[in-house]
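These notes are about the structure you will find just below.
The values are calculated or read from the model by the stated rules, or taken from the named source; none is laboratory data. Computed from a predicted model, the values in this text were never measured in an experiment. Positions of Cβ are backbone-derived with ideal geometry, glycine not excepted, and every protein chain shown enters the neighbour counts. Areas reflect the complete protein model, heavy atoms only, side chains present, ligands, DNA and RNA absent. Shrake-Rupley method; radii C 1.70, N 1.55, O 1.52, S 1.80 Å.
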Amino acid sequence: MKSKLSIISAIVFAACNNPENNVLVKGTYITTYQSEFSKAMDTVEIRPLNEAANTFSYTRRTGYQRISNGIVGPYQYETENSTCVFNKATAQLNEQKHGRIYTFSSDGNSLVSGGSVYKRIQ
């Protein structure tokens, strides 16, 4: 009986630590950048298209200000839309238009792409 309880506990523990069970894909994520030439903020919004097929809409808004000779320029922004496919096994979101790959943290509160870390705000 004790070994059955141990096996069941191990299965439940493994299921809880499986990335596909912990990651909540939809949400809004932000990151900021700053250098001597500009400062910027990216917002990535992910919404379900067909959750059964693991497809999501992707909207990325980038706002930035260029810095020239120490003078901060006017605020400019760009918006791009795409679709994404979520890979449950790797907890990765594959953006289709530009081929960006976003990896979710184990707690689901951040999204990582290259050197950028996006924090979940919603």
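Give region 22-71 a look and list any residue that's in a strand (DSSP E or B) and open to solvent by 70 Å² or more (accessible area, probe 1.4 Å), or say none.
Taking region 22-71 as the starting set, the residues that turn out to be in a strand (DSSP E or B) are 27-34, 38-50, 55-68, 71.
Across region 22-71, the qualifying residues are 32, 33, 34, 39, 41, 47, 49, 50, 61, 66, 68, 71.
Taking only region 91-119 into account, find how many residues are in contact with an Asp or Glu (Cβ under 9 Å, 6 or more places away or on another chain), hydroxyl-bearing (Ser, Thr, Tyr) and over 23 Å from residue 38 (Cβ atoms).
The qualifying residues number 0.
Give the number of residues within region 72-84 that are assigned to a loop (DSSP other than H, G, I, E, B) and either in contact with a strand residue (DSSP E or B) (Cβ under 6 Å, 6 or more places away or on another chain) or within 19 Å of residue 55 (Cα to Cα) (or both). Walk me through how you get there before you give the answer.
Of the residues in region 72-84, the ones assigned to a loop (DSSP other than H, G, I, E, B) are 73-75.
Now narrow it down to the ones that are either in contact with a strand residue (DSSP E or B) (Cβ under 6 Å, 6 or more places away or on another chain) or within 19 Å of residue 55 (Cα to Cα) (or both): 73, 75.
Here the count works out to 2.
Is it true that residue 81 is under 12 Å from residue 29 (Cα atoms) and not acidic (Asp, Glu)?
Values: under 12 Å from residue 29 (Cα atoms): no; not acidic (Asp, Glu): yes.
Taking the combined requirement at face value, the residue does not satisfy it.
Answer yes or no: is there a residue in region 85-97 that is part of a loop (DSSP other than H, G, I, E, B), in contact with a strand residue (DSSP E or B) (Cβ under 9 Å, 6 or more places away or on another chain), farther than 17 Å from residue 47 by Cα and free of Cβ contacts under 8 Å to residues at least 12 places away in the same chain. It would help to see each step written out before you state the result.
Step one: list which residues in region 85-97 are part of a loop (DSSP other than H, G, I, E, B), which gives 88-91, 96-97.
Restricting the remaining residues to those that are in contact with a strand residue (DSSP E or B) (Cβ under 9 Å, 6 or more places away or on another chain) gives 90-91, 96-97.
Keeping just the survivors that are farther than 17 Å from residue 47 by Cα gives 90.
The next check asks that each one be free of Cβ contacts under 8 Å to residues at least 12 places away in the same chain; those that pass are none.
Checked region 85-97: no residue is part of a loop (DSSP other than H, G, I, E, B), in contact with a strand residue (DSSP E or B) (Cβ under 9 Å, 6 or more places away or on another chain), farther than 17 Å from residue 47 by Cα and free of Cβ contacts under 8 Å to residues at least 12 places away in the same chain.
Of all residues in region 98-120, how many are touching a residue at least 24 places away in the same chain (Cβ under 8 Å) and either part of a strand (DSSP E or B) or over 13 Å from the mean Cα position of the chain (by Cα) (or both)? Walk me through it before giving the result.
Initially, region 98-120 is screened for residues touching a residue at least 24 places away in the same chain (Cβ under 8 Å), giving 102, 104, 106-108, 110-111, 116-120.
Pick out the ones that are also either part of a strand (DSSP E or B) or over 13 Å from the mean Cα position of the chain (by Cα) (or both) and you get 102, 104, 110-111, 116-120.
Of the residues in that region, 9 qualify.
Are any residues in region 78-122 on the phi > 0 side of the Ramachandran plot and surrounded by 14 or more Cβ atoms within 10 Å (Cβ to Cβ), and if so, which ones?
91, 108
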